[in-house]
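The values are calculated or read from the model by the stated rules, or taken from the named source; none is laboratory data. On a predicted model such as this, the values are computed, not experimentally measured, just so you know. Here Cβ is always computed from backbone atoms with ideal geometry, including for glycine, and neighbour counts include all displayed protein chains. Areas reflect the complete protein model, heavy atoms only, side chains present, ligands, DNA and RNA absent. Shrake-Rupley method; radii C 1.70, N 1.55, O 1.52, S 1.80 Å.
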Amino acid sequence: MADTNLAQAVETANAASSYDTNIKFLLADKQILARILKYAVSEFKDMAIGDIMASIGEDIEIGTKPLDAGLSNLGRVNTTNTEDNVPGEGKIFYDIRFTAYHIKTEMKFLINLEAQRSSDLARLGYHLENRIIFYLARMISAQKQTEFFHSDYDNLKKVRSIWICLCNREDGDSIEEISLSRNIVFGNKENLYDMDLMRGIIINVRSRENIRDSQNTLIAMLEKLLSGVSVEDKKRILKEEFGMIMTTELEGRMQTMCNWSEAILERGIEKGMERGIEQGMERGIEQGMERGIEQGMERGIEQERLNAIERMIRAGATKEQIISFGYTEKELAEVENALCKNA
């Protein structure tokens, strides 16, 4: 008998990355993966959603297992291991990876999907593009002794690394591609071999509420899927606007996501207030005056209120939800302006 959503949520309560993990499991639903392939991977753009779903293998791999999956053929997930351990190259772990078979060309694709909170250089400490190239290279090199043997390099399978980057600016919704290119720098060459072996795809979505729907179908769907609206509203939107079928596991994953969003909001408020008082006391004591203590506490609480608002925004809270917790529009605007400057 399948666990209830409550039991599934309790099972993941001890994991520090439960919220991120639930995003991965939500994205790993076959209905979601099929739409990502159709609108982000050019080879699948002319295929029907149902055909793409049928082309996705049963080898969808996700790093950890927070809830029971596989309750229907529409969203079945086989969770194994995303560890890639190539001798001499160290280990890396993928968020999600799976295979897809192009029905018409009978071509096999090896696909990696990553959910990335930020693509900002200042936050990451490196250029995301370089990491994507590294992942693509590893997906190629790891095929030796699995997809091809000895010197049969023409049996290499095409690899696609898809990165969904969250928290972009209001005008930041976009899709980018990174791929090999071949340029003749001298002389003439005919019958050039197709170099489309590996391609990185960056899907930039926005995490803010109350913004105009993206003109791109895939981005609009992802923004609705990961937004802070209620499960019932998500179900209605995904069904009416994007033609999805509400399976047991898809509904369960959305419910778990919403539960974790609410938990993050509450935790952020509690920690913000506690830390604000603590910092205020520290600053006041250092000043050694009664007024210093009072001012320090006020400043600490003020800063942690702003920090709590930022955490709520990143968790997908709406403006109305934030204000309902006692925060002001002025504080919300201050945080939003700071996030835009740092984006």
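For segment 177-219, which positions are acidic (D, E) and at pLDDT 90 or above?
The one that is acidic (D, E) and at pLDDT 90 or above: E177.
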Long-range neighbours under 7 Å by Cβ, at least six apart or interchain, first residue closer than 15 Å to L110 by Cβ and assigned to a helix (DSSP H, G or I) within segment 31-44, second of a type in the set (K, R) and modelled with pLDDT of 95 or more: F44/K38
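Within segment 194-247, track down each residue that is of a type in the set (S, T, N, Q) and surrounded by 15 or more Cβ atoms within 10 Å (Cβ to Cβ).
Listed by number, the residues that qualify are N204, S207, S214, N216, S227, T247.
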Return yes or no: is A308 more than 30 Å from N216 (Cβ to Cβ), surrounded by 20 or more Cβ atoms within 10 Å (Cβ to Cβ) and at pLDDT 60 or above? yes
May I ask you to verify whether I293 is surrounded by 14 or more Cβ atoms within 10 Å (Cβ to Cβ), closer than 27 Å to L225 by Cα and either among the aliphatic types (A, V, I, L, M) or at pLDDT 80 or above (or both)? no
Filter segment 316-343 for residues that are at pLDDT 80 or above and not in a helix (DSSP H, G or I) and give the result. T328
Residue ID - farthest from the chain's Cα centre (by Cα), chosen from residues in segment 97-115 that are under 18 Å from L166 (Cα atoms) and open to solvent by less than 20 Å² (accessible area, probe 1.4 Å): N112
